[in-house]
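Presented below is the structure to which this report refers.
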């Protein structure tokens, strides 16, 4: 075992917490220990510096990036790959065949099932829903029919929306609360309703842009000054 300086120690038991300790818990494989704001190293090439609430379960083998926070009653399966600075709210479930990028925020009561993949900076609103089987029946096994779902960088999935499996939600797209998405969503698109339909475009900041759904046009985000260019049915952000 290794200490804070990286030098090997005979053991890592503490009779009392250091004066700089804070009150978070962290999972150490099948055991628990207090979480400290400095890294505790465990083994020659691994360390743990993310927070796990005492009621959460992180199965052995799960990879969790530094700075992530795992709150009440979360369950992360052993095959999951979670990036840095990810926040998982109460009652989140993360399956085995799941990847979650850096800086994602997953709000309460979200289940991320196998074959769902989130790139960096994705926001999952409270109680939104992913699926992985298109036509489920309880008496028919369809685990070999899981469809991949990809949520690209910076996309927002509003509270209580449903993402039907097999779609791609483009970078910085915005899915409104309660929408049902059953087809691909373009980058920067604003989608609402049941079934989901595009009604506009959103900037990376999260402001609706004054542009038609298709054609030619330019718009400036009022918050950042970034310029967006519409060509046909595709929106891009100008460099600079």
- Message: Checking residue 205 against (1) part of a loop (DSSP other than H, G, I, E, B); (2) under 29 Å from residue 56 (Cβ atoms); (3) assigned by TED's automatic domain parsing to the domain that holds residue 238: exactly one of these is not met. Which one?
- Response: (2)
- Note on the structure: Across segment 117-127, the tally of residues that are crowded, with 23+ Cβ neighbours inside 10 Å and touching a residue at least 40 places away in the same chain (Cβ under 8 Å) stands at 0
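I need a count of the residues in segment 81-97 that are within 12 Å of the chain's Cα centre (by Cα) and surrounded by fewer than 23 Cβ atoms within 10 Å (Cβ to Cβ). Let's see the steps before the verdict.
Step one: filter segment 81-97 for residues within 12 Å of the chain's Cα centre (by Cα), giving 81-89, 92-94.
Within this subset, residues satisfying the condition of being surrounded by fewer than 23 Cβ atoms within 10 Å (Cβ to Cβ) are 81, 83-85, 87, 89, 93.
Total satisfying the criteria: 7.
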- Message: Condition first: closer than 18 Å to residue 159 by Cα and not in a strand (DSSP E or B). Now tell me which residues in segment 87-118 satisfy that.
- Response: 89, 90, 91, 92, 104, 107, 108, 109, 110, 113
- Note on the structure: Every listed condition ((1) more than 28 Å from residue 132 (Cβ to Cβ); (2) crowded, with 16+ Cβ neighbours inside 10 Å; (3) modelled with pLDDT under 65) holds for residue 49 save (3)
- Residue list for segment 222-238, filter: closer than 15 Å to residue 187 by Cβ and either in contact with a strand residue (DSSP E or B) (Cβ under 8 Å, 6 or more places away or on another chain) or surrounded by 13 or more Cβ atoms within 10 Å (Cβ to Cβ) (or both): 226, 228, 229, 230, 231, 232, 234, 235, 236, 237, 238
- So residue 190, is it at pLDDT 95 or above, farther than 27 Å from residue 95 by Cβ and in a loop (DSSP other than H, G, I, E, B): no
- Selection over segment 173-221 where residues are touching a strand residue (DSSP E or B) at 6+ places or on another chain (Cβ under 7 Å) and under 17 Å from residue 162 (Cα atoms) yields a count of 19
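The values are calculated or read from the model by the stated rules, or taken from the named source; none is laboratory data. All figures in this text were calculated on a predicted structure; none of them were measured in a lab. Glycine also receives a Cβ, built like all others from the backbone with ideal geometry; neighbour counts cover every protein chain displayed.
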